[in-house]
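Novice: Can you keep this structure in mind? I'll have questions shortly.
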Amino acid sequence: MADQIQPPTVSLVNLKGGVGKTALSVNLAYALAEWHDMRVLLVDIDPQFNATQHLLDETVIVAGLEGTIKDILDPPAPTIGVGTGKKTKKKRSSANPRRFLHEIGINGGGSLHLLPSLLDLSFVNRNPADKSGRLERYLQQVDDDFDIILIDCPPTISVLTMAAFNASRYYLIPVTPDYFAPIGIPLIEEEVEHFLGNLHADSAEMIPLGIAYTIVDKRWHANWEEVANRVASASDIPAFESHFTYSKRWRDCAANHQPVYREPSSGNQQRQLEHFVDEFLERLEEAEDARE
């Protein structure tokens, strides 16, 4: 767990897919940059690369990215030079660590950058040795340029999740209010505790900012508040008072490569996001003050 990283780094994590984790990651990043003039870095460490697909046009991805998070976690191996028998490194266009970052166009005084992913990130799990600390070391090279770093984690425990945890000071759990929520959240807490225990450092900590209820649809989740009460009984992590109701606009905004509040007739989604962002920043400020 990174203690020296400035600015605060927050992992959005759930071991279950389909909970709106990426939608929350991307829209939170947009809102912090556009509404609060923050310099935001969003790290996509999920091999499904949904955050990357949300933020980058398909033509950019298909044309080829100069580098992705895979190149940080699993740098290209040296190759044997033809006719020399000597190992040579693949030539890179620049030694600047920012070459991996893509600037996303926004409205407002802040900025939004993406550290992208692609499907081949899953290959990192083939040989996970000594890779869990590489993201943290990379972010230490660029973090002076940002006010906050958000990490969109994969819905599994792997070296990718451990790399995110190593780089994070905080974590946030997006959850749909279904039967599995009271079961899954304690498992996440257990995994975080296991991770911290393996660090063998008394000062190691990774602080939960809260549980965010997403995709709340009263047609399917008629008793979602009852589920929230069961979660509260199973976990000490406080839930955010604000929550997100189901709307196809959350899906449409990804297809249109924009935040949900730019979608037509998205006033309700904008209000929900505004309330959540205010609460998120309040909790983050309180947590940062408590560390000083």
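The values are calculated or read from the model by the stated rules, or taken from the named source; none is laboratory data. Because the structure is a prediction, the values reported are computed rather than measured. Reconstructed Cβ throughout: ideal geometry from the backbone, glycine too, with neighbour counts over all protein chains shown. When the accessible area is computed, the model is the full protein with side chains, heavy atoms only, and any ligands, DNA or RNA have been set aside. Shrake-Rupley method; radii C 1.70, N 1.55, O 1.52, S 1.80 Å.
Novice: Consider Thr156 against the criteria (1) open to solvent by 40 Å² or more (accessible area, probe 1.4 Å); (2) under 16 Å from Leu12 (Cβ atoms); (3) in a helix (DSSP H, G or I): it satisfies all of them except one. Which criterion is unmet?
Specialist: Status for Thr156: all satisfied but (3).
Novice: How many residues does the stretch 128-153 contain that are assigned to a helix (DSSP H, G or I) and out of contact with any helix residue (DSSP H, G or I) (no Cβ under 7 Å at 6 or more places or on another chain)?
Specialist: Of the stretch 128-153, the ones assigned to a helix (DSSP H, G or I) are 134-145.
Subset that is out of contact with any helix residue (DSSP H, G or I) (no Cβ under 7 Å at 6 or more places or on another chain): 137, 140, 143-145.
Residues that pass the stated criteria total 5.
Novice: Looking at the stretch 135-186 only, could you name the residues that are under 14 Å from the mean Cα position of the chain (by Cα) and among the hydroxyl-bearing types (Ser, Thr, Tyr)?
Specialist: Selection gives Thr156, Thr161, Ser168, Tyr170, Tyr171.
Novice: Looking at Gly108, is it modelled with pLDDT under 85, within 20 Å of Ala31 (Cα to Cα) and either assigned to a helix (DSSP H, G or I) or open to solvent by 30 Å² or more (accessible area, probe 1.4 Å) (or both)?
Specialist: Criteria met by Gly108.
Novice: Being modelled with pLDDT under 90 and touching a Lys or Arg at 6+ places or on another chain (Cβ under 9 Å) is the filter; apply it to the stretch 43-73 and report the residue that is surrounded by the fewest Cβ atoms within 10 Å (Cβ to Cβ).
Specialist: So the residue we want is Glu66.
Novice: Just wondering, is there one or more residues in the stretch 78-101 that are at pLDDT 95 or above and either of a type in the set (Phe, Trp, Tyr) or more than 26 Å from Glu274 (Cα to Cα) (or both)?
Specialist: Yes: one or more hits.
Novice: Spot the failing condition for Asp130; the list is (1) on the phi > 0 side of the Ramachandran plot; (2) touching a strand residue (DSSP E or B) at 6+ places or on another chain (Cβ under 9 Å), and only one is missed.
Specialist: (2)
Novice: Let me ask another. Let me spell it out: the conditions are (1) open to solvent by less than 60 Å² (accessible area, probe 1.4 Å); (2) closer than 22 Å to Ile149 by Cβ, and Glu282 meets all of them except one. Which number is the exception?
Specialist: (1)
Novice: Give the stretch 15-42 a look and list any residue that's closer than 22 Å to Leu160 by Cβ, touching a strand residue (DSSP E or B) at 6+ places or on another chain (Cβ under 6 Å) and at pLDDT 95 or above, or say none.
Specialist: Matches in the stretch 15-42: Lys21, Thr22, Leu24, Ser25, Ala29, Val40, Leu41, Leu42.
Novice: Hey, can you tell me all the residues within the stretch 128-145 that are surrounded by fewer than 24 Cβ atoms within 10 Å (Cβ to Cβ) and closer than 30 Å to Gly109 by Cα?
Specialist: The answer is Glu136, Arg137, Tyr138, Gln140, Gln141, Val142, Asp143, Asp144, Asp145.
Novice: Still on this structure: Pro182 is checked against (1) surrounded by fewer than 19 Cβ atoms within 10 Å (Cβ to Cβ); (2) on the phi < 0 side of the Ramachandran plot and fails just one. What number does that condition carry?
Specialist: Condition (1) is where Pro182 drops out.
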